[in-house]
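In what follows, a structure is listed as structure tokens, so that the remarks can point back to it.
The values are calculated or read from the model by the stated rules, or taken from the named source; none is laboratory data. Predicted model only: the values in this text are computed from it and were never measured. Virtual Cβ from ideal backbone geometry, glycine too; neighbours counted across all protein chains shown.
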Amino acid sequence: MKEPAFFENAGLISKMLGHVFLSKQKKARQDPQAAISQVAKRYGKHAKLLVDTLVSMDKQSIRNIVYDCGHIRFPRLLEDRQKEVIFSYGDKDPNLGHAKRSIKKHYPKTEKSGKAMGTARR
């Protein structure tokens, strides 16, 4: 039996997000400074590195990353193993609420979670 994907309709979401990120890449290539300013509002001093990385990627790499982010499989963990797991995530992650609900659903005995190291700050 297959494990559920992180998102129920991951195929559709992946396709949509692929188009979104390819569009963002196109805009960033046309006006890198505007892209850096926009990204800096959310990620601060790391904006230039993020935009430079996005601009330098090929289309298939972007599609692959989007696909992998939506098609995460949760391995089965026994209750005692669930208690040992610590989940870390960024507080600016757009899927933070969904991630927390999914973790609670798939690993109900997990007791610890926290913010990732190096989380972006305003």
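Screening Leu50, Leu54, Leu77 for residues that are modelled with pLDDT under 95, hydrophobic (A, V, I, L, M, F, W, C) and either outside any helix (DSSP H, G or I) or surrounded by 15 or more Cβ atoms within 10 Å (Cβ to Cβ) (or both) leaves exactly one candidate, Leu77.
Considering only residues that are small (Gly, Ala, Ser) and either closer than 19 Å to Gly90 by Cα or not in a helix (DSSP H, G or I) (or both), which ones fall in region 33-47? Within region 33-47, Ala40, Gly44, Ala47 qualify.
Report yes if some residue within region 23-32 is at pLDDT 85 or above and assigned to a loop (DSSP other than H, G, I, E, B); otherwise report no. So far as region 23-32 goes, yes, one or more of its residues are at pLDDT 85 or above and assigned to a loop (DSSP other than H, G, I, E, B).
Scan region 14-46 for residues that are surrounded by 12 or more Cβ atoms within 10 Å (Cβ to Cβ) and touching a residue at least 12 places away in the same chain (Cβ under 8 Å) and the total you get is 16. Taken over region 80-95, the criterion of being outside any strand (DSSP E or B), at pLDDT 75 or above and loosely packed, with under 13 Cβ neighbours inside 10 Å is satisfied by Asp80, Glu84.
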